[in-house]
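Quick notes on the structure that follows.
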Amino acid sequence: MVQVLRTPAEFKAWRKNQTGNVGFVPTMGALHSGHEELLKNARRENQVVVLSIFVNPTQFNDPKDFEKYPLTWDQDLKIAETNKVDAIFYPRYPDMYPDEYRYKVSENSYSQLLDGAHRPGHFDGVLSVVMKLFNVVAPDKAYFGEKDFQQLTLIKGMVDAFFMDVEIVPVATVRENDGLAKSSRNLLLTPEDRQKAPIIYKTITTAKTSEEAAKALTAAGFAVDYVTDVHGRRFVAARLGAVRLIDNVQI
Ligand code: PAF
């Protein structure tokens, strides 16, 4: 039976009775096989596996995006059970933000580029909630997907900067058969846009330059936020209707 714990105090009381290494997978729910890959890695490498589900409002710069974020609790619970999760931390907003977000963690360099340049405050929200989650869960290892490569890099940086005792484990992006990176946002695509979405991966892996990739995506009907090559990786963010998709590959 998966334990479902709703407040930091409840979780910490449960955590005190656990022995062995704790592997942690933080999520915003709407779990898919990309999340399952994180859970499988956590299960393999730890005695105890914790999943958190919390749609964190402070990382949404667009309130409409927050409102329509998919909620699939029943399915998430099934996925947690199948993957032998020991506990789900499933807090409510006032329990996570008793300070009403007066305190935050921010990074003032890399977080301003790429997605940060298009989503003001996004990474402050991510870093703040991840710090809070780490302080509640006290994991030995935490698992993050490479699809959100900038997020992963910033979280690693935060852990180093604050001497936090948690190992950040990167996990390779899981893709659909047609190449589209698995994402909870894929659920929001219209059937027509779902057909079109794999062009992102195809384009960033085949175009010679980021400019060429951006042009090809625009021609295919995407609203391109950016395609940028940096530190040997190509990063992209592009919108289809109201759905914003991101991806990155090694080049
Ligand atoms: O990647 C996500 O799902 C979120 O950004 C995270 C890390 C769970 C923080 O809310």
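In the set T72, T27, only one residue is within 10 Å of the ligand (Cβ to nearest atom), out of contact with any Lys or Arg (no Cβ under 9 Å at 6 or more places or on another chain) and open to solvent by less than 60 Å² (accessible area, probe 1.4 Å); that residue is T27. Taking region 1-15, which residues are in contact with a helix residue (DSSP H, G or I) (Cβ under 8 Å, 6 or more places away or on another chain) and farther than 13 Å from V85 by Cβ? Listed by number, the residues that qualify are R6, T7, P8, F11, K12, R15.
Residue by residue, here is whether (1) more than 30 Å from T19 (Cβ to Cβ); (2) within 15 Å of the ligand (Cβ to nearest atom); (3) part of a helix (DSSP H, G or I); (4) of a type in the set (D, E, K, R) holds:
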| position | (1), (2), (3), (4) |
| --- | --- |
| D95 | no, yes, yes, yes |
| E100 | yes, no, no, yes |
| D115 | yes, yes, yes, yes |
| L152 | no, yes, yes, no |
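Residue pairs whose Cβ atoms lie under 7 Å apart, separated by 6 or more positions or on different chains, with the first residue in region 2-17 and within 22 Å of L39 (Cβ to Cβ) and the second at pLDDT below 95 and among the basic types (K, R), do not occur. The numbered conditions (1) within 19 Å of L38 (Cβ to Cβ); (2) surrounded by 19 or more Cβ atoms within 10 Å (Cβ to Cβ); (3) of a type outside the set (S, T, N, Q) are all true for L188 except (1). Exactly one residue among V22, V49 is under 17 Å from L133 (Cα atoms), of a type outside the set (S, T, Y) and free of Cβ contacts under 8 Å to residues at least 60 places away in the same chain, and that residue is V49.
For (1) touching a residue at least 60 places away in the same chain (Cβ under 8 Å); (2) touching a Phe, Trp or Tyr at 6+ places or on another chain (Cβ under 9 Å); (3) crowded, with 18+ Cβ neighbours inside 10 Å; (4) not hydrophobic (A, V, I, L, M, F, W, C), each residue gets a yes or a no:
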| site | (1), (2), (3), (4) |
| --- | --- |
| R175 | no, yes, no, yes |
| I199 | no, yes, yes, no |
| K202 | no, no, no, yes |
| T205 | no, no, no, yes |
| E211 | no, no, no, yes |
| A214 | no, yes, yes, no |
| A220 | no, no, no, no |
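Flag: L133 matches the condition of being within 24 Å of P94 (Cα to Cα) and either away from the ligand (no atom under 13 Å from the Cβ) or modelled with pLDDT of 95 or more (or both). Do the conditions hold for D193, that is, is it surrounded by 17 or more Cβ atoms within 10 Å (Cβ to Cβ) and modelled with pLDDT of 95 or more? It is true that D193 is surrounded by 17 or more Cβ atoms within 10 Å (Cβ to Cβ) and modelled with pLDDT of 95 or more. Screening region 154-194 for residues that are within 15 Å of the ligand (Cβ to nearest atom), charged (D, E, K, R) and out of contact with any helix residue (DSSP H, G or I) (no Cβ under 7 Å at 6 or more places or on another chain) and picking the one that is farthest from Q47 (Cα to Cα) gives R185. Applying the condition of being at pLDDT below 95 and of a type outside the set (D, E) to region 50-65 and asking which residue is nearest to the ligand (Cβ to nearest atom) yields N61. Restricting region 43-64 to residues that are among the aliphatic types (A, V, I, L, M) and farther than 17 Å from K78 by Cα, the residue that is most open to solvent (accessible area, probe 1.4 Å) is V55.
The values are calculated or read from the model by the stated rules, or taken from the named source; none is laboratory data. A quick note: this is a predicted structure, and the numbers were derived from the prediction, not measured. Quick reminder, even Gly has a Cβ in these numbers, built from the backbone with ideal geometry, and neighbours come from all protein chains shown. We work out accessible area using only protein heavy atoms, side chains counted, and drop any ligands, DNA or RNA first. Shrake-Rupley method; radii C 1.70, N 1.55, O 1.52, S 1.80 Å.
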